[in-house]
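Below: one structure, written as structure tokens.
The values are calculated or read from the model by the stated rules, or taken from the named source; none is laboratory data. Just so we're clear, the structure is a prediction, and the values are computed from it rather than from any experiment. Positions of Cβ are generated from backbone atoms using ideal geometry, with glycine treated the same way; all protein chains shown enter the neighbour counts.
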Amino acid sequence: MQNLKSSIAKKISETIAPDAPESMYSDIIASLEYPPDPTMGDLALPCFRFAKLMRKSPVMIAESLASSIEIEGIGRIEAVKGYLNFFISNDYLAKTLLPEILEKKDMYGSSDEGRGKTVVLDYSSPNVAKPFHIGHLGTTVIGHSLKLLHTFCGYDCVGVNHLGDWGTQFGKLITAFNLWGNREEIENGGIDALVALYVKYHEEAEKDESLNDRAREEFHKLELGDEKNIELWKWFIEISIAEYKKTYAQLGIEFDSYKGEAFYSDKMMPQVEKIREKGLLKIDDGASIVDLSDYNMPPCLILKRDGSTLYPTRDIAAAVYRKETYDFDKVIYVTSAGQSLHFAQWFKVVELMGYDWAKNLVHVPYGTVSIGGAKLATRTGNVILLRDLFADAVDKVRDIINEKNPNLENKEETAEAVGVGAIVFYYLLNTIIKDINFNMDDALSFEGNTGPYAQYTYARTCSLLSKAEDARSNEGKIEISAPEEASMLKVLSRFPETVLKATHEYEPSYITRYILDVCTGFNRFYHECPINSAEDASVRASRIKITEAVNYVLGRALSLICLKTPKKI
Ligand code: ARG
């Protein structure tokens with residue numbers, strides 16, 4: 001659709017403003033609308049904006065333009081109440097659009113806008129030895145989807161898991177391990193055994209305050225490099241990462257770096273010095289802070305009273321390190337909206353420090369997740385683990401497959417792809433800032449606007465294509481004979497701009513919603529138009545080629561939101 005929008009904007013700007021067509025061009029592109037009803041055209045342009053310049057009424061402008069201009073790819077132009085309605089020609093769909101998709105295959109929709117630019121994405125980043133719970137779903141799948149989208153737009157992307165692998169919780173964990181832990185139990189029990197220790201620590205510390213002193217002491221020893229504590233700490237991290245990687249594998253996620261907060265231990269002091277040199281550091285009740293009252297924010301905490309560093313200090317050091325290491329054009333941080341102030345504060349500090357790249361730090365916040373209305377508690381063992389949520393969905397899908405398609409090959413793999421996919425799709429269907437309440441039955445339905453429905457539609461395209469190798473290679477000309485074919489192709493033509501919009505606005509839900517449009521279009525086409533059973537060979541070949549194009553776009557779109565694409569379900 002972008003090409004058509006450009007042709008329209010070019011023609012109209014040249015006609016209306018022959019002296020300065022460029023300034024009008026982008027304005028027209030931006031104001032082209034998708035009419036809600038196809039009888040009003042495939043694209044519409046309100047002409048009110050030209051009234052002043054042309055000293056004519058919008059109605060007259062629309063009428064005179066409709067009767068005087070011709071645009072390649074547009075079959076018909078109608079003037080209705082001050083609007084210009086454009087109807088795409090079937091000829092364009094058959095001869096330009098479809099061949100383009102078939103040639104680019106699953107790269108249709110990609111672009112090179114990011115060529116030569118590097119984007120660092122900081123996402124998932126759980127706190128080690130704490131459970132990976134459903135609150136982490138957002139940062140993990142939004143972050144990864146943004147990485148895939150940017151890669152598809154030609155950016156070089158670096159995915160960083162900024163593990164929370166430093167902090168006083170390690171003092172607690174070491175204390176708990178020394179008191180009640182057992183190596184073998186933890187080797188076998190993995191992260192669950194660590195979480196159990198952590199929970200026990202908190203229960204005991206409620207009764208016995210002296211435990212907190214012990215924990216502080218152990219953390220202090222860790223900071224000083226005590227060999228035994230360092231060894232334990234590394235081991236806790238290893239066990240935790242092994243567990244996270246299982247979840248990442250279910251989502252098809254790999255990170256380029258696991259450099260967590262601890263990595264910046266020796267990189268913070270030079271930045272603290274720099275803050276001091278700039279005259280930004282103030283002492284407040286013993287702690288070192290940067291006053292941000294001029295910017296309507298509470299102060300950013302840099303050092304505690306005892307001189308130890310804090311979360312913002314580590315983020316500042318990490319940003320400087322990433323600039324030096326990757327020379328990024330942008331860093332995207334994906335966290336819950338609860339951390340918005342934290343990011344606003346330290347972004348401001350980096351700016352005040354004089355780093356001009358501060359403007360290239362972007363925080364992408366998302367809303368909360370609850371299940372059946374229950375908010376998720378942390379710190380106690382009472383949280384819903386992402387792993388359990390996935391397992392539950394996979395079990396349910398396995399039951400459905402056993403009932404409906406018991407002989408399916410790769411049953412387990414498919415159940416996992418569909419079960420996990422259902423949760424991700426449900427989650428990414430809403431704008432990310434919205435709080436969502438999870439409903440498993442809705443997520444898993446094969447009928448609603450769900451992941452299973454979308455993956456099933458994809459599998460249907462695969463099955464049609466597998467029975468039509470002969471028609472795919474048919475060299476005959478492509479014909480559009482039914483309105484459902486044309487509508488389907490028009491939906492496909494919107495893919496490239498949807499990808500760009502989702503990327504620019506950090507909003508994977510545009511892709512999720514778009515997937516539903518593709519599925520609706522395809523299922524309508526499938527029900528109205530015989531495909532493999534079409535009698536006429538060239539009609540059949542054309543329909544198979546449309547199906548092939550849907551297959552590329554749908555497969556790519558699903559993978560851009562972290563869904564897998566089984567060929568059979
Ligand atoms: N570990 C943090 C948490 O679980 C998230 C880290 C986000 N990234 C960052 N650079 N601060 O809350």
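When you scan region 147-197, how many residues do you find that are crowded, with 19+ Cβ neighbours inside 10 Å, away from the ligand (no atom under 16 Å from the Cβ), modelled with pLDDT of 95 or more and β-branched (Val, Ile, Thr)?
Of the residues in region 147-197, 2 are crowded, with 19+ Cβ neighbours inside 10 Å, away from the ligand (no atom under 16 Å from the Cβ), modelled with pLDDT of 95 or more and β-branched (Val, Ile, Thr).
Would you confirm, using the coordinates I've provided, whether residue 37 is over 30 Å from residue 323 (Cα atoms), touching a residue at least 40 places away in the same chain (Cβ under 8 Å) and under 39 Å from the mean Cα position of the chain (by Cα)?
Numbers: over 30 Å from residue 323 (Cα atoms): yes; touching a residue at least 40 places away in the same chain (Cβ under 8 Å): no; under 39 Å from the mean Cα position of the chain (by Cα): yes.
So residue 37 fails the test.
Within the bounds of region 428-442, is there any residue that is farther than 19 Å from residue 366 by Cβ and in a loop (DSSP other than H, G, I, E, B)? Talk me through it step by step, then tell me what you get.
If we filter region 428-442 for residues that are farther than 19 Å from residue 366 by Cβ, which is where we start, we get 440-442.
From what's left, in a loop (DSSP other than H, G, I, E, B): none.
Within region 428-442, not a single residue is farther than 19 Å from residue 366 by Cβ and in a loop (DSSP other than H, G, I, E, B).
Among the residues of region 227-238, count how many are closer than 14 Å to residue 197 by Cβ and surrounded by 19 or more Cβ atoms within 10 Å (Cβ to Cβ). Give the steps one after another, and end with the answer.
Within region 227-238, the subset closer than 14 Å to residue 197 by Cβ is 232-233, 235-236.
With surrounded by 19 or more Cβ atoms within 10 Å (Cβ to Cβ) added as a condition, the list becomes 232-233, 236.
Of the residues in that region, 3 qualify.
How many of the residues making up region 518-539 are without any contact (Cβ under 8 Å) to a residue 60 or more places away in the chain and not in a helix (DSSP H, G or I)?
Counting residues in region 518-539 that are without any contact (Cβ under 8 Å) to a residue 60 or more places away in the chain and not in a helix (DSSP H, G or I) gives 6.
Right, residue 347: modelled with pLDDT of 95 or more, within 16 Å of the ligand (Cβ to nearest atom) and in a loop (DSSP other than H, G, I, E, B) or not? Don't jump to the end; show me each part of the working.
Working: modelled with pLDDT of 95 or more: yes; within 16 Å of the ligand (Cβ to nearest atom): yes; in a loop (DSSP other than H, G, I, E, B): no.
Answer is no for this residue.
From the list 72, 63, 33, exactly one residue is out of contact with any helix residue (DSSP H, G or I) (no Cβ under 9 Å at 6 or more places or on another chain) and closer than 16 Å to residue 9 by Cα. Which is it? Spell out the reasoning first.
Working: 72 fails: out of contact with any helix residue (DSSP H, G or I) (no Cβ under 9 Å at 6 or more places or on another chain); 63 fails: closer than 16 Å to residue 9 by Cα.
The match here is 33.
Which helices (runs of 4 or more DSSP H) does region 175-262 wholly contain that include 2 or more residues that are under 30 Å from residue 148 (Cα atoms)? Give the derivation first.
Values: elements: 183-207, 210-223, 227-251.
Of the helices (runs of 4 or more DSSP H) lying wholly inside region 175-262, those with at least 2 residues that are under 30 Å from residue 148 (Cα atoms) span 227-251.
For region 250-261, enumerate the residues that are under 30 Å from residue 393 (Cα atoms) and in contact with a strand residue (DSSP E or B) (Cβ under 9 Å, 6 or more places away or on another chain).
Let us first name the residues in region 250-261 that are under 30 Å from residue 393 (Cα atoms), namely 250-258.
Matches in region 250-261: 253, 254, 255, 256, 257, 258.
Taking region 325-341 as the region of interest, how many residues are within 12 Å of the ligand (Cβ to nearest atom) and in a strand (DSSP E or B)?
6
Looking for whichever is crowded, with 16+ Cβ neighbours inside 10 Å, of a type outside the set (A, V, I, L, M, F, W, C), away from the ligand (no atom under 16 Å from the Cβ) and over 26 Å from the mean Cα position of the chain (by Cα) here; the options are 70, 78. Which one fits?
Values: 70 fails: crowded, with 16+ Cβ neighbours inside 10 Å.
Exactly one residue qualifies, and that residue is 78.
When region 294-329 is examined, which residues are found to be among the polar types (S, T, N, Q) and more than 34 Å from the chain's Cα centre (by Cα)?
Of region 294-329, the ones among the polar types (S, T, N, Q) are 296, 308-309, 313, 325.
Listed by number, the list holds a single entry, 308.
Condition first: near the ligand (Cβ under 8 Å from one of its atoms) and of a type in the set (Phe, Trp, Tyr). Now tell me which residues in region 120-140 satisfy that.
Within region 120-140, just 123 meets the criteria.
Could you identify the single residue in 281, 251, 224 that is in contact (Cβ under 8 Å) with a residue 24 or more places away in the chain and either more than 16 Å from the ligand (Cβ to nearest atom) or of a type outside the set (A, V, I, L, M, F, W, C) (or both)? Talk me through it step by step, then tell me what you get.
On the way: 281 fails: in contact (Cβ under 8 Å) with a residue 24 or more places away in the chain; 224 fails: in contact (Cβ under 8 Å) with a residue 24 or more places away in the chain.
It is 251.
Can you tell me which residue in region 284-316 is surrounded by the most Cβ atoms within 10 Å (Cβ to Cβ), limited to those that are away from the ligand (no atom under 16 Å from the Cβ) and without any contact (Cβ under 8 Å) to a residue 12 or more places away in the chain?
Within region 284-316, the subset away from the ligand (no atom under 16 Å from the Cβ) is 284-299, 303-308.
From what is left, the residues that are without any contact (Cβ under 8 Å) to a residue 12 or more places away in the chain are 291, 293-294, 296, 306-307.
On the way: 291: 14, 293: 8, 294: 8, 296: 7, 306: 9, 307: 10.
Of everything passing the filter in region 284-316, 291 is surrounded by the most Cβ atoms within 10 Å (Cβ to Cβ).
What are the pairs, 6+ residues apart or on separate chains, where a residue within region 115-130 that is more than 24 Å from residue 241 (Cβ to Cβ) has its Cβ under 6 Å from a residue that is more than 12 Å from the ligand (Cβ to nearest atom)?
115/154; 117/155; 117/329; 118/156; 118/326; 118/328; 118/329
Can you find even one residue in region 282-297 that is of a type in the set (A, V, I, L, M) and touching a Ser or Thr at 6+ places or on another chain (Cβ under 8 Å)? Before you say what the answer is, go through the steps one by one.
Going through region 282-297, the residues of a type in the set (A, V, I, L, M) turn out to be 283, 287, 289-290, 292, 297.
With the extra rule that they be touching a Ser or Thr at 6+ places or on another chain (Cβ under 8 Å), the set shrinks to none.
No; the residues of region 282-297 include none that is of a type in the set (A, V, I, L, M) and touching a Ser or Thr at 6+ places or on another chain (Cβ under 8 Å).
For region 504-517, how many residues meet the condition of being surrounded by 20 or more Cβ atoms within 10 Å (Cβ to Cβ), free of Cβ contacts under 8 Å to residues at least 60 places away in the same chain and in a loop (DSSP other than H, G, I, E, B)?
Total satisfying the criteria: 0.
For region 57-135, which fully contained strands (runs of 3 or more DSSP E) count at least 3 residues that are in contact with a Leu (Cβ under 8 Å, 6 or more places away or on another chain)? Reasoning before the result, please.
On the way: elements: 74-80, 83-88, 118-122.
Ranges flagged: 74-80, 83-88.
Counting just the residues of region 262-317 that are touching a strand residue (DSSP E or B) at 6+ places or on another chain (Cβ under 6 Å) and of a type in the set (D, E, K, R), which one comes out nearest to residue 342 (Cα to Cα)?
So, considering only residues that are touching a strand residue (DSSP E or B) at 6+ places or on another chain (Cβ under 6 Å) and of a type in the set (D, E, K, R), the one nearest to residue 342 (Cα to Cα) is 291.
What are the residues in region 28-54 that are surrounded by fewer than 15 Cβ atoms within 10 Å (Cβ to Cβ) and either small (Gly, Ala, Ser) or closer than 23 Å to residue 496 by Cα (or both), if any?
30, 31, 33, 34, 36, 37, 38
Could we say that residue 566 is free of Cβ contacts under 8 Å to residues at least 40 places away in the same chain and in a loop (DSSP other than H, G, I, E, B) here? So that I can check it myself, show each step before the final result.
Details: free of Cβ contacts under 8 Å to residues at least 40 places away in the same chain: no; in a loop (DSSP other than H, G, I, E, B): yes.
Against the criterion (free of Cβ contacts under 8 Å to residues at least 40 places away in the same chain and in a loop (DSSP other than H, G, I, E, B)), residue 566 does not qualify.
For region 90-106, does any single residue satisfy the condition of being closer than 16 Å to residue 9 by Cβ and aromatic (Phe, Trp, Tyr)?
Start the filter on region 90-106 by keeping residues that are closer than 16 Å to residue 9 by Cβ, which leaves none.
No, region 90-106 contains no residue that is closer than 16 Å to residue 9 by Cβ and aromatic (Phe, Trp, Tyr).
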